[in-house]
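What follows draws every value from the coordinates through simple rules; no lab data is involved. Everything numeric here is computed off the predicted structure, so don't read it as measured data. Reconstructed Cβ throughout: ideal geometry from the backbone, glycine too, with neighbour counts over all protein chains shown.
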Amino acid sequence: MLTKAPRGTKDILPAEVPQWRFFEEKAREACRLFGYSEIRTPIFEHTELFLRGVGEATDIVAKEMYTFTDKGGRSLTLRPEGTASVARAYLEHKMQGEAQPVKVFYTGPMFRYDRPQAGRYRQFHQFGVEAFGSQEPALDAEVIMLALFFLQSLGLDNLALHLNSVGCPECRSRYRETLVAALRDGVKQLCPDCSERYEKNPLRILDCKNERCQAVTKGVPLLADELCNGCREHFAAVRAVLDALDVAYVLDPRLVRGLDYYTKTAFEIMASGLGAQSSICGGGRYDHLLATIGGPDIPGIGFAIGIERVLLALAAAGAGEAAVPVPDVFVATAGVTPAEVLPYVMELRKAGLAAEMDFLNRSLKAQLKFADKKGIRYVVLLGEAELQAGQATVKDMQSGVQEAVALGGLCAYLAERLKEENQ
Ligand code: HAM
């Protein structure tokens, strides 16, 4: 047990890190182009923030939170998502006083106690964006465009954008009554989760994947047909912007997101090759979240992308390969101690060259084999004779050519060779 990570968590190993960095660099670049600045919030928050923000009737709050009491008796929760935290930070730092909209992005770990499976973890990572202070439908379209632009910049193209409007508190509560009445006769056939949802969160029954639940909800009135005028117009305007930009989407009137704060626009992006956990991005508008957590009624919209799922999708598509960085130089020794060689290795590093040396007292032959296995292009041989003569032998591992180089000019020589190689 001590040598196994907790269920639903995983290590990100050195060989995987280049892919993560590739993701993060592309995310930063997309956010720069779209004008989103980075924000970093704590990994835990007051439990109450999620109870109120995400909603007590949601699966996330009711079943999946990592909640604990700290030594001061406070109830704290490891964040299950980023939106509530960023909304809290916006209010705490009075960002409503800044030029609106305030556009921010974040990346980091989130925690949900769910049943682990491929693409679903208990600690997972999201890249998310949030834009506060505007109801403008073009902003909804811009947020969706950002998600697609970013995912495409990674090399993913088999994407499906699903779009819906979940209305506002007025039209949704009216629709809720219609739905509850329409489902009344079928309640007994619903799966156990949906029987519970019938009382607390009936809209979520609509996107249950269980066949029995789908049969019960077949033909029920859908919210898309019962939106109030304001919500209908807003949705039409969002779609008009997307249409004008030639963004393809699937209208999905059963798309009900698993968090209670959504109003109006809701969307998900699916990627192929991921099986059941195909949703790589989820987002939408949340025009009353800030008021719900005690602030003024300021609108917002955003999305979050699951990093692990995107990396799985990239692997499935054979895209986005990135290599583990290889050192530039290996300093091999014969007959001198590691302590005598280390100053030379440090000189190389100070000159900006990634340099490695032997710490296992290997034979010269074994050191060359190690350098070759690691894919290191240049080996610098530093033995007793070399140090005395003030000269090193540099071996190009690709061509096998060896050259004698004065120690004083070693850094410059190698830097020049590596520069030529990268041209
Ligand atoms: P969400 O749909 O709960 O939305 O999560 C967004 C994405 O995070 C999902 O599409 C999925 O890729 C990933 N994800 C969620 N749960 C897991 C898990 N257990 N394991 C691996 N990946 C997972 C939100 O979190 C909202 N805060 C999004 C948002 C931002 N809405 C407005 N602004």
Let me know the whole percent of all Cα-Cα pairs from the stretch 263-404 that are separated by more than 17 Å.
-> 72 percent
Starting from the coordinates of the alpha-carbon atoms of the stretch 1-126, obtain the Kirkwood hydrodynamic radius over all distinct pairs and give the value in Å to one decimal.
-> 16.5 Å
Please report, in whole Å, how far the alpha carbons of the stretch 223-324 spread along each principal axis, starting with the longest.
-> 50, 34, 25
For the Cα atoms of the chain, what angle does the longest principal axis make with the long axis of helix 338-350, in degrees from 0 to 90, nearest 10?
-> 60 degrees
Full extension between Ser195 and Leu364 adds, at 0.36 nm per residue less the Cα distance, a length in nm of 53.7 nm
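Based on the mean of other beta carbon atoms within 10 Å per residue, what is the order of 357-366, 234-243, 331-340, most packed first?
Top of the packing list down: 234-243, 331-340, 357-366.
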Report Rg (one decimal) and Dmax (nearest whole number) for the stretch 344-404, counting Cα atoms only, units Å.
-> 11.6, 30
When Lys and Arg each count +1 and Asp and Glu each count -1, what net charge do the other residues less than 12 Å away from Ser37, Cβ to Cβ, add up to?
-> +1
In degrees, nearest 10, the alpha-carbon axis of helix 137-153 is tilted away from the dominant principal axis of the alpha carbons of the chain by 30 degrees
Debye, to nearest 20: dipole size of the stretch 298-423, +1 on Lys, Arg Cβ, -1 on Asp, Glu Cβ | 300 debye
Kirkwood Rh in Å, taken over the stretch 1-52 so that all alpha-carbon pairs contribute | 14.7 Å
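Just add up the charged neighbours of Leu255: K/R +1, D/E -1, any other residue whose Cβ is under 10 Å from the Cβ of Leu255.
Taking every Cβ under 10 Å from that of Leu255, the sum is -1.
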Rounded to the nearest 500 deg cm²/dmol, what is the calculated helix-only ellipticity per residue at 222 nm for the chain, with -39500 (n - 2.57) per DSSP H run of length n ≥ 4?
-> -11500 deg cm²/dmol
Over 30 Å between alpha carbons, listed pairs Lys209/Lys264; Lys350/Lys395; Lys373/Lys419; Lys10/Lys188; Lys4/Lys374 | Lys10/Lys188
Sequence-distant residues sharing a close amide H with Cys191 (under 5 Å, placed H) = Cys213
On a 0 to 90° scale, report how tilted helix 229-244 is relative to the longest principal axis of the chain, with both axes built from alpha carbons and the result rounded to the nearest 10.
-> 40 degrees
DSSP bridge pairs, the stretch 294-423: antiparallel proportion in percent, nearest 5 = 50 percent
The percentage of Cα-Cα pairs in the chain separated by more than 37 Å is 40 percent
The stretch 34-73, Rg to Rh (Cα coordinates; Rh as Kirkwood inverse mean 1/r) | 1.10
When N is the residue count of the stretch 164-265, what does its C-alpha Rg come to as a fraction of 2.2 N^0.38 Å?
-> 1.12
Sorted by mean Cβ packing within 10 Å, highest first, what order do the peptides 52-59, 369-376 take?
-> 52-59, 369-376
Lys, Arg +1 and Asp, Glu -1 on Cβ, resulting dipole of the stretch 108-243 about Cα centre, debye, nearest 20 = 700 debye
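Ranking Ile305, Ile205 by Cβ neighbours within 10 Å, fewest first, what do you get?
Arranged by neighbour count, lowest to highest, Ile305, Ile205 become Ile305, Ile205.
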Largest fluctuation, Leu33, Leu154, Leu227 only, Gaussian network model of the chain with Cα springs under 10 angstrom, belongs to Leu33
Note, Thr67: beta-carbon cut-off 13 Å, +1 each Lys/Arg, -1 each Asp/Glu, net -1
Please compute P(r) over all alpha-carbon pairs of the stretch 259-302, binned at 5 Å starting from zero, and give each bin as a whole-number percent.
-> 6, 22, 23, 16, 12, 10, 7, 4, 1
Evaluate the charge dipole of the stretch 1-132 about its Cα centre and quote only its size in Debye, nearest 20, assuming +1 on the Cβ of each Lys and Arg and -1 on the Cβ of each Asp and Glu.
-> 300 debye
